[in-house]
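The values are calculated or read from the model by the stated rules, or taken from the named source; none is laboratory data. Since this is a predicted model, take the numbers as computed values, not measurements. With ideal geometry, Cβ positions are generated from the backbone for all residues, glycine too; neighbour counts draw on all protein chains shown. In case anyone asks, the SASA skips ligands and DNA or RNA and just uses the protein heavy atoms, side chains included. Shrake-Rupley method; radii C 1.70, N 1.55, O 1.52, S 1.80 Å.
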Amino acid sequence: MRVRRCAHLMLELDEEPRFAFASLLSGGDGLDRSPRWRAFAAHLPAPVTIDASLLPALQAVSRDDWTTADALAERFGDATAQALLASGLLVGDDAGPDGGESEIARDAQRRDAAARDVAWWTPALVAQAHGGWHDVDIEARNEEGLTLNSEELVDAFGVAPTHDFRRVPAMSPQHLPPPRRSGFDDLLAARRTCRNFDPQAALDGAAFATMLRRVWGALGTKTLAPGAVAVKKTSPAGGGLHAVEAYVLVQRVDGVAPGLYHYLALAHALEPLQALAPDAANALAHRFVAGQHWFRDVPAMVVMVARFDRLFWKYRRHTKAWRVVHLDVGHLSQTMYLSAAELGLGAFVTAAINDRAVDAALGLPPLREAAIAIVGFGARSAETTVMELDDYDEVRITREE
C-alpha cells in the first residue's frame, strides 16, 4: 500500500484536564492533566491524539510524494509504522488489507484530495473542518440544564463587559450634530429578529420571489478576463466573486411544493433538489437549526453556502479570505432583514446550525462547499411564546452642556 502525509496538518499541545479512570482507581481526582499532542487534519472527522515519539517518523513522510507502508516500517520499525497508519494522518491509495477500501477510507481520500485542490490557508481549513455540528439539539440542552441563562452566566462569571464602552472615559467626547432622518431610518428601526412564526400561514409566492431576487439575485455580471466573471448583487462581496450560494428549504410557500431547492441567481429560478412531505420538511428544518424550535416553523429557510473553490481561486491560501466569506454572509443577512421588514415579514439569521448535517442533506462536496448560516422569513405569529426583543429601552441622544 502506498501512503503519504495528509495535505494539511496542525498540532496542538493540549493540557486540558480530561477524565481518567485509572486516576480514580489510584485514589486521585479522576482527571488526567498531563500534556498531550493532538493532531488536527482536515480529512479526519475529529482530532487524534498522537504520541510525541511518532513525530519524527510523521515528519519524514512526504506530503506530496508516495512511499510504501513496508518502507516506512523498514525505516522506523513496524510498531511505529502501524501506530502512524492507525492514527489516520497518512492517506493511502489502497486502504484495505485485501486491496479493497472502506467507505471511511474513501471519504478520507476525497477530503484530502479537496484540501489539495482548493487553495486553503491551513488554520482556516482546520477551523472549517473541525468546527462543524452534526446532531446538536439546543432545545434539549436547555431542558437538561446544559446551557446557562443570562442570570446564571452573571452568577458564574460575573457581569458582562460593559455595553457602554469608552476608551478614554476621563476625556469629554465631541458630540455630533443630530442625524438626518428619512424613511430609511424607519426601515432600519423595523429590522428585528423574529422567534415566533405562524405555523399555519403560507408565504405569498410573490413575496417569496421578491425576497430571493432582492437578496441573492444577480443584477449583472462583468467579465474581467476570459474565464473570470464578477457578479453584481445588492450586497457587497469580496472580490466581486459572490461565492455564496442560496439553498432554500420550503415548508409553506404559495405555488412552491415543500422541498429543497437551489436558487439560480442569474436565472431567478429554483433548481429542485429533493421533494419533501410537509412533516419531513418541518423535521429537517428543526435539525438544520440545531433544535432551535422557535425557528422551525418559518415558511422558508435559506441556507447560505460558501463555495470555497471559487473564493480561493482568487485568494489563494490567503490569511483573510476565510473571514471574507463570513462577512459576505453577514452582508446578505442584513439585506434580507431590511427586505423582510419592508415587506412586513418576520426574519431571522443563525449560525448555530448543524452544518455537517446540512452539508450532507444538500450533497455538498467536502471542503469545497459548506453551509455558513441559515436565514428564514415569513409571517409572524400573533402569539408570543418565545421572548422577542420588540420592546427595548430606546437610546436617546442627549447633549451634555
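Quick notes on this one:
- For the chain, the solvent-accessible area with a 1.4 angstrom probe is 56 square angstrom per residue.
- Contact order normalised by residue count of segment 260-337, Cα under 8 Å, 6+ apart, percent: 14
- Carbon and sulfur %, accessible surface of segment 76-199 computed with the full protein complex present, 1.4 Å: 54
- Straight-distance crosslink candidates among aspartates and glutamates, where the alpha carbon sits under 19 Å from LYS314 and sequence neighbours closer than 8 are dropped: ASP117, GLU245, ASP328, GLU369
- Amide H contacts of LEU273 (H built 1.01 Å from N, in plane; Pro and chain starts excluded): LEU260, TYR261, HIS262 sit under 5 Å, all sequence-distant by 5 or more or on other chains.
- Rounded Å value of the spacing that divides the Cα centres of segment 157-203 and segment 225-280: 30
- Accessible surface of segment 1-53, 1.4 Å probe, proportion on carbon and sulfur as whole %: 57
- Computed label-point distance, nm, for sites GLU12 and THR49 using a 7 Å Cα→Cβ extension: 1.4
- Inter-label distance, nm, simple model (7 Å from Cα along the C-beta direction), ASN142/LYS232: 4.4
- Burial order of peptide ranges 69-80, 256-267 (average beta-carbon count within 10 Å, highest first): 256-267, 69-80
- In percent, rounded to a whole number, the relative contact order of the chain is 17, using alpha-carbon pairs under 8 Å and six or more apart.
- Highest-fluctuation residue, VAL61, VAL244, VAL159 considered, GNM on the chain with Cα pairs under 10 Å: VAL159
- Contour excess over end-to-end distance, with Cα ends at ASP78 and TRP37 and 0.36 nm allotted per residue: 12.6 nm
- Accessible carbon and sulfur surface of segment 209-258 relative to its total accessible area, %, 1.4 Å: 57
- Ranking VAL325, LEU270, PHE348 by how far each Cα lies toward the positive end of the dipole of segment 267-401 (charges on Cβ) leaves VAL325 at the top.
- Only lysines eight or more places from LYS233 in sequence, or on another chain, were considered; those with a Cα closer than 18 Å are LYS222.
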